[in-house]
Every structure is written in structure tokens, then in C-alpha cells.
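Visitor: Shown below is the structure under consideration.
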Ligand SMILES: [Zn+2]
């Protein structure tokens, strides 16, 4: 491992030399065109052989929205956890654009040193040189590039950025534009879902892409194709890690709205806050984290949708009290946030519950399989390879309580699938290394007993909820 770090440091030192001709003010806000060029430069340079750049759609004014994937086999479904970095959903909150580029450069540089890349490395002059202290993250960055699919989406609102405006070019706040489980603030009252307080089902209105803003539709459609394990979305206006629910039922009063995976979300948010030099010591937010609705409820946000629709554990990171800080602040912001970024990405991938759901006889993936963690009771699905990854937490902590960062905990997981006998396993999860487990599912006998029939009924119900 030491030799690997030494190699990685040598690679980073190489970046410094290549950029020596650049002026010291290398941190800057790139224009949309320069941002696109920077992604191309990463793809052709330090990320060559382990990346793809994809346009996921266009903004109202025709600006392409691009995602850089870094992984061993970009563009394909893989048996790996995945993590996405979203920036600039609010146009006047641009820090994430530059943090994400910097992050991609560090990850690819580290992965090159780790021998993942197959082609030679040319460092383009447009990309900035490493900051002091980046070397502490080389090993983690290399691990992520090798063992996860990483997605870098620096701008979700290029038109808003160009106009220095929060909303998109049609004046719509894109973090209010997503299908919402309650749909009370962005829909007419006739479309409001009627729910009783005892109705615990979680479902969403139709995607209705034709009525969404093009930027939302692009990210929504892309998200459905990838089913990312975890994500960070960078905003500005505070310093805090904010987790679902953002929305709450029937009332605009600010109070805690607990989602089924509350404990796992808190662990993810805490990892970020603790990795940041001051966020965890916030005076405004205990531990530097907050439930979204407890801070202020909002409807139509991305993170609630991600959790319900694609099983993505998405956390909103407010990176700076002041919006649109001067470019001279970007180096400081990177140095402050890189620790939290790597900590959260690690918790959601390396620390996750991972494994496969397979047919015991054929060892093939099972369609419509669902997994449920005891105490969470909100199912999630394996991918087309039968692989799943899910950040989990021990469920005994009270809401708002402390979660020990390194103490192993027990989790009971049940796999169900239509036509198969349910399979329950209890495993110990090491928060630093996660756990791997394989469900080998046995088909229900045609003349099976009542228990098997009940399993099949439960599987049908879980599959229905996943499709909702
Ligand atoms: Zn924002």
C-alpha cells in the first residue's frame, strides 16, 4: 500500500509540474463552454481508459448537460456500488461545479497511479494542480475508482449559472420540480394525494416528463437508467448536510419528517460533517446535519425523489454560507469539503450492504426481486446482474441520536421475489468495510405449503411497491 501511495504522489507531483506555467489563480469559475472542455480534457487525459462523457439532455437554452463516468467499464451495468456528484442545480450556487471537476481529477490521478488506466496519461493544462493535503485522499480515491461506478455531473442548471440566477431560464426552481410523494405545493389541490395519517405507503405521481423542466427530465431519466447507490448534491447558503425527507404531509410547519432509512441517512450525513473541519461543530445544526423538513420543508426536491424512485441515498450538501463566493475562495472550499466528500462516498460504497440475489438452481439474477432491511421496511431492488448495494445503519439509535462511526452492527435482510421462497439473513456490518452476502433463492413448489404462498404474496407486494 505504501508503494501505491508513493506512486500516486509521484503522479500528483507530475500534475504540478505540467501546470507550472499557469498563473497562481488557477481556481476559477469556468464558463459552461469551459466546463464542457474540462470534462473532455479529463476524459482524454487523466481519466482516459476508465471514463465516458455522456450528454444526458439539454437545458431550456440548448446547453448540453454532461455526466462524466469513471469506472473500470463505463456505460455498463456493473456489480459495484455507485456514487454520483451533482452540482449547480441552483444556478447562483456554482461552487459544486469546480469541486466536482477537482474531485474527478484527483480520482483519476489516483486511479492511474493504481494501475487502473490502460492508456498513457497526459495532463491537460486547463485542469488545476493538487492542493496541499490532497495526498491524504489518494488511497481512498483509487479504491473508489476501482470498486465503484462514479458519476460527475457538475451542472444541473447551466442556464441559471450563465444568468447568475437560482432558477432555470423559465424561472422554475429545479429543486421544486420533481415528482413529490405529497405533491402539495407544486400541484393544484385537485391533484393532491389524499392520504390518511396511518397510510404508510410511499409512492410517487407519474414522472410526467413532458410537464417537467428539461433539466429535471434529463436528470430524472438518467437516474432511472443508473440507479445510483448514493449521491451528494452541492448547494450554497449554509454549511450543513441535509437528508430526507425534505417534504412532509399536510403542513408547512418545520418539523422532523423521518424517512424509513433515517438512521442510514444520518450516518451518511454525519460522515460528511465529521470529515469537514467545522461543519460538525455547527452552532446552527447539531452535528452539522439536519433533516430537511426540520430545517424547512420543501416539496418537489430531488433527494426525496431519488430515495423513493431509484433507491438512491442522496444527501444535499450546503457548502458555504454565502452564495456564489469569490473564485479566490474555491481552494479553501475544496480543502474544507474534500474530507466529507470522500467520507460520504466511502460510507455509501465500501461501507454498504452489498451482494447478489440469484436463483439457487440457475445462479441467474431474478427479475423483480426486492430486499428489505428489518426496521426499515422500505424495499430496494437489485440491478439487472442481481447485484445490490445499500448504505445501512443499526436501527436502535433514537431519532437524532449519535451513531457510532466504527462500531459494527447487526442487520437483518430479507430477499423476496415472485415465485420464490423468501430468504432472511442476519449479518454483521463493519461500517468501514460493509458486508457481502448472497441470496440463493429457491422456487416455491406448485403445491407448496401456506408459508411459501405467503412468501410469494409478500414478494408480489414488495415488487408492486418497487414499481410504484
Ligand atoms: Zn440551492
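Coordinate-derived values only; no laboratory data. Keep in mind that what you see is a predicted model, and the values were worked out from it rather than measured. Virtual Cβ from ideal backbone geometry, glycine too; neighbours counted across all protein chains shown.
Visitor: Hey, fewest Cβ within 10 Å first, where do 425, 326, 294 land in order?
Guide: Ordered by Cβ neighbours within 10 Å, fewest first: 326, 425, 294.
Visitor: Tell me whether segment 333-377 comes out rounded, prolate or oblate; compute the Cα gyration tensor, take square roots of the eigenvalues as a ≥ b ≥ c, and use a/c under 1.5 as the rounded threshold.
Guide: prolate
Visitor: What order do you get for 101, 156, 466, 410 when you list them from fewest to most C-beta neighbours inside 10 Å?
Guide: Ascending number of Cβ neighbours within 10 Å: 410, 466, 101, 156.
Visitor: Per q in 0.18 Å⁻¹, report the Debye log10 I(q)/I(0) for segment 267-356, using one uniform scatterer on each alpha carbon and no solvent.
Guide: With one equal scatterer per Cα and no solvent, log10 I(q)/I(0) is -0.94.
Visitor: Also, quick follow-up: Would you mind getting me the FRET efficiency between residue 284 and residue 361? Use the beta-carbon distance for r and R0 = 41 Å, nearest 0.05.
Guide: My answer for the efficiency is 0.15.
Visitor: Still on this structure, I have one more. For segment 206-357, state what percent of all Cα-Cα pairs lands in each successive 5 Å bin, counting from 0 Å until the bin that includes the largest distance.
Guide: Taking all Cα pairs of segment 206-357, the binned fractions are 2, 9, 17, 20, 20, 17, 10, 4, 1, 0 percent.
Visitor: To continue, here is another question. For 63, 284, 105, 210, which order do you get if you count the other beta carbons within 10 Å of each Cβ and list the fewest first?
Guide: 210, 284, 63, 105
Visitor: How long, wide and thick is segment 133-173, going by the Cα atoms along their three principal axes, in whole angstroms, largest first?
Guide: If we take the Cα atoms of segment 133-173, the spans are 43, 24, 13 Å.
Visitor: What whole number of Å gives the distance from the Cα centroid of segment 83-102 to the Cα centroid of segment 228-262?
Guide: 18
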